[in-house]
């Protein structure tokens, strides 16, 4: 249990992870949501996409840099055909299932807090939500069993912030990006990085996470 709320941490510089996500955890990890290849009829990792497209895979790579397309557009990649990115602000069901089966398994039947950004403007809204403002963004916060989060997201919109009542970890999905960040203990991050089906890189609250963070694969204008 932490001595103070994770939401009391001061923000870092604009466009860095700590400007939008709580910044008081021991470690952070970046999860790269896989693209879907029409040719293979399967999901493919960013590192594989980068390799097929003669780009370099590294911890700050961005979809734009490794594909040449915007993060809301599919890209034609040699040997993979048309590869589609996940929708911005979302976590794929596959990735979340792997997280539940391993790193978050002991919280599976616990109530967690799930925040949905107000800008999604969902037609259906569950009962019991309360207004929650964080880092200049407006959300609605709900208490939901962790085991139900995937169904909750599909019905009521993508969850941008997710954390347990003991505040020992937090999952963050920015509304404008197609990757996922998790903050937590050393042991939790190690457990996530050991999941072979998930592509991960160490992260920091001080790193930029917008398109300009990839200074190796620079997209042509």
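The values are calculated or read from the model by the stated rules, or taken from the named source; none is laboratory data. Keep in mind that what you see is a predicted model, and the values were worked out from it rather than measured. Glycine gets a Cβ as well: all are built from the backbone with ideal geometry, and neighbour counts include every protein chain shown.
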All-but-one check, residue 94 against (1) part of a helix (DSSP H, G or I); (2) touching a strand residue (DSSP E or B) at 6+ places or on another chain (Cβ under 8 Å); (3) within 25 Å of residue 212 (Cβ to Cβ), failing number (3)
Working only within region 71-96, note down all residues that are surrounded by fewer than 20 Cβ atoms within 10 Å (Cβ to Cβ) and touching a helix residue (DSSP H, G or I) at 6+ places or on another chain (Cβ under 6 Å).
71, 78, 79, 93
Right, residue 148: out of contact with any helix residue (DSSP H, G or I) (no Cβ under 6 Å at 6 or more places or on another chain) and outside any strand (DSSP E or B) or not?
yes
Meets criteria (closer than 18 Å to residue 198 by Cα and either more than 17 Å from the chain's Cα centre (by Cα) or assigned by TED's automatic domain parsing to the domain that holds residue 49 (or both)) for residue 83:
yes
Among the residues of region 206-218 satisfying the criterion of being assigned to a loop (DSSP other than H, G, I, E, B) and under 15 Å from residue 177 (Cβ atoms), which is farthest from the chain's Cα centre (by Cα)?
214
Could you tell me whether residue 112 is in the same structural domain as residue 161 (by TED's automatic domain parsing), under 21 Å from residue 160 (Cα atoms) and part of a helix (DSSP H, G or I)?
no
For region 168-196, how many residues are more than 12 Å from residue 32 (Cβ to Cβ), assigned to a loop (DSSP other than H, G, I, E, B) and in contact with a helix residue (DSSP H, G or I) (Cβ under 8 Å, 6 or more places away or on another chain)?
4
Among the candidates 155, 133, 141, single out the residue that is assigned to a strand (DSSP E or B), in the same structural domain as residue 20 (by TED's automatic domain parsing) and either exposed (fewer than 14 other Cβ atoms within 10 Å of the Cβ) or out of contact with any strand residue (DSSP E or B) (no Cβ under 6 Å at 6 or more places or on another chain) (or both).
133
Answer yes or no as to whether residue 105 is surrounded by 13 or more Cβ atoms within 10 Å (Cβ to Cβ) and either modelled with pLDDT under 95 or assigned by TED's automatic domain parsing to the domain that holds residue 10 (or both).
no
So which of 198, 175 is touching a residue at least 60 places away in the same chain (Cβ under 8 Å), in contact with a strand residue (DSSP E or B) (Cβ under 7 Å, 6 or more places away or on another chain) and closer than 16 Å to residue 100 by Cα?
198
Would you please name the residue that is farthest from residue 113 (Cα to Cα), looking only at residues in region 5-32 that are in contact with a helix residue (DSSP H, G or I) (Cβ under 6 Å, 6 or more places away or on another chain) and part of a loop (DSSP other than H, G, I, E, B)?
12
Here the residues within region 52-63 that are surrounded by fewer than 20 Cβ atoms within 10 Å (Cβ to Cβ) and either out of contact with any strand residue (DSSP E or B) (no Cβ under 6 Å at 6 or more places or on another chain) or modelled with pLDDT under 95 (or both) are 54, 56, 57, 58, 60
